Structure formats: structure tokens, C-alpha cells
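Worksheet: one structure, shown below.
Every number in this text was worked out from the coordinates using simple rules, so none of it is lab data. This structure is a prediction, so every number in the text was calculated from the model and none was measured. A quick note on method: Cβ atoms are made from the backbone with ideal geometry, for glycine too, and the neighbour counts reach across all protein chains shown.
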Amino acid sequence: MGVLNATPDSFSDGGLHLDLDAACDRVRQMVAEGAAWVDVGGESTRPGAEPVAVEEELRRVVPVVEAVAEHCRSAGVQLSVDTRHEAVARAAVDAGATVVNDVSASLWPVAADLGVGWVAMHMSGDPRTMQADPRYVDVVDHVRRFLGERVAQAQAAGVEQVWVDPGIGFGKTTSHNLELLARLGELVADGTPVLVGTSRKRFTGELLARSDAGLLRPVAESGGSGAQGGIEPVPAQDRLVGSLTTAVWAMIHGARIVRVHDVQATVRAVRALP
Ligand code: HH2
């Protein structure tokens with residue numbers, strides 16, 4: 001899944017695709033690079049982000065979806081709208097989106113009504129406050145239970161295509177993120193196709209900073225209990241290796257889709273798997 005953020009403030013590609021032509025060019029490029037899925041979003045959900053007015057989100061997202069829908073359809077590529085808002089989901093599907101990528105995991109009735117697919121992602125709290133002090137007794141059990149309940153509700157409502165996503169970085173410490181990846185097989189075994197998004201996130205920057213410092217496996221053992229992993233992450237533009245490593249890890253452990261900014265490099269890495 002290639003990411004297209006039509007936002008001024010997304011943490012890694014904010015401001016790059018505000019212009020409609022630039023956004024459409026990037027979508028076409030990702031499809032040419034081998035993306036099987038394109039995800040268009042108009043609201044940053046990075047930690048601390050302020051919500052965006054629905055009218056503004058509509059203005060950012062709908063023209064892009066409209067402009068690339070036919071291209072995606074004819075290439076056999078899924079086109080999702082990354083939103084928490086019903087009005088945006090409805091307008092984007094009207095414009096040609098085929099899936100609602102829902103970080104709030106609350107829009108299944110809308111997906112059912114529209115007859116499109118739905119991604120349910122786990123988030124603890126909301127983006128403004130989610131990294132304040134996230135705590136779980138057992139993060140993997142918590143996320144599995146949460147997503148299992150949502151999937152059952154969506155299926156009962158008649159949604160035919162459902163994916164689940166553990167929500168890396170959404171109300172999780174570094175050790176929570178590591179635990180979710182280490183035990184991804186448990187979520188995969190629950191049977192709903194799993195999507196994972198680690199791309200360029202702070203977490204991958206911390207893994208690389210630890211690697212650079214020669215700290216081989218300490219993240220889960222120490223310094224991982226706070227909101228961050230206790231080490232300054234490498235900057236977002238230097239996180240490619242961490243993004244690839246975690247994407248490949250997720251695919252090997254059963255993820256069906258990885259949500260990434262660096263499509264070409266990820267497609268190469270995944271296709272190179274033995
Ligand atoms: N991560 C982000 C946004 N949407 N959707 C799913 N299903 N899974 C994710 O992990 C996920 C997501 C955050 O990344 P990005 O879109 O690059 O940044 P921003 O929220 O700043 O726009």
C-alpha cells in the first residue's frame with residue numbers, strides 16, 4: 001500500500017502533494033512502481049496533530065481520488081481513503097475509492113452501507129494525546145480483542161472485505177510496537193488479513209539510532225517503557241532501512257499488506273524474499 005498524504009503537515013511527506021497534479025503524478029508513479037494499493041489521506045494523525053475541519057479534508061482528498069480512480073481501477077489497484085470522518089468516507093467512495101482505511105475503527109456501518117472494504121486500525125485515545133502515557137496489561141491481547149470485536153461487528157453489518165491493523169505508533173511505546181511485531185503471528189492466526197504500517201515512523205528511527213549506537217537488542221529490555229524508547233530517533237528522511245526491515249519482517253510473519261511511503265524500495269525488498 002503506497003501512501004499519498006494530501007496534507008501540509010504529515011510527518012514525513014507533508015506539503016509534497018498538496019497540488020493536485022503533484023498528487024496524481026505520485027499516485028501514478030506508485031502504481032508503476034508496483035503498489036497494489038494506494039491510500040489517500042487529508043488529515044495527519046501523527047502524535048500531537050490537531051484535527052482538521054471536515055470541509056478542509058474533503059477539499060484535499062476528493063479531487064485526488066476523483067482524478068486517480070480510473071487509473072487505479074484499470075490497473076487493478078485498490079484505492080482507499082484514510083479518514084476518521086463519515087462525510088469524507090462517503091464523498092471519497094462516491095469519487096471512486098474502494099476501501100475506507102479507518103484509524104478510528106468506527107466507520108464499519110458506513111462501509112457496510114456503501115458496499116466497500118474496510119480497514120480497522122487499533123488506536124488508543126486520539127492523535128492529540130495518544131502518546132502521553134500508553135499502558136496495557138498485554139498489548140497484543142488487548143489489540144487482538146479490540147480488533148476481533150470490530151471485525152465481528154463489521155461482518156454482522158455486512159462488510160465483505162475487512163483488514164485489521166495493529167496501529168503501530170498509535171498510543172504505543174517502543175516496547176509495545178516491538179511486542180506487536182514480535183507476536184504478529186497471533187493476530188495473523190485470528191484469520192482476518194493483516195495490514196501493518198511502520199513506514200518512516202519514529203519507532204523505525206529509534207531502531208536505527210540504536211543500531212547505529214551498537215545497541216543490538218536492548219529496546220524491549222530497557223528504556224522502552226516510556227512514551228518513546230529513550231533514544232533520539234534518526235530523522236524521518238533517514239528511516240528507509242528501518243522502514244524496509246520492519247516491512248519485510250511483517251510480511252514474513254504473515255502480514256498481507258504493508259503501508260509504505262517508499263514503494264519502489266519496498267516492492268524490491270518484498271519480491272527479493274527467498
Ligand atoms: N499510519 C498513519 C496513517 N494512517 N493507516 C493505517 N491503516 N495504518 C497505519 O499505520 C497508519 C494509517 C500515519 O502515517 P502517515 O500517513 O505517513 O502520517 P500522517 O498521519 O502524519 O499523515
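Listing for the model above:
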| read-out | value |
| --- | --- |
| Radius 11 Å from Cβ of D126, net charge of other residues (Lys, Arg +1; Asp, Glu -1) | +1 |
| Per-peptide average of other Cβ atoms within 10 Å, ordering 190-203, 12-25 highest first | 190-203, 12-25 |
| Stretch gain in nm, segment D9-A75, where the contour uses 0.36 nm per residue and the Cα spacing is subtracted | 20.8 nm |
| Separation of the S211 and Q155 label points, Cα + 7 Å toward Cβ, nm | 3.7 |
| Residues with amide H under 5 Å from that of F170, placed H, sequence gap 5 or more | none |
| Neighbour cut-off at most 16 other Cβ (10 Å), DSSP loop, trypsin sites (Lys or Arg not before Pro), the range 86-164 | R128, R135 |
| Helical contribution to [θ] at 222 nm, DSSP H n ≥ 4, -39,500 (n - 2.57), averaged over the chain, rounded to 500 | -13500 deg cm²/dmol |
| ³J(HN,Hα) computed for each position of the range 107-118 - Karplus, 6.51 cos²θ - 1.76 cosθ + 1.60, integer Hz, glycine/proline x | 9, 4, x, 6, 4, 5, 4, 8, x, 10, x, 8 |
| For the chain, diffusion coefficient by Stokes-Einstein and Kirkwood Rh (Cα), 10 °C, 1.306 mPa s, µm²/s | 85 |
| Net charge, D138 excluded, C-beta distance under 14 Å - Lys, Arg +1, Asp, Glu -1 | +2 |
| Rounded Å value of the spacing that divides the Cα centres of the range 28-66 and the range 131-193 | 23 |
| Gaussian network model of the chain, springs between alpha carbon atoms under 10 Å - residue of A156, A92, A247 with greatest fluctuation | A156 |
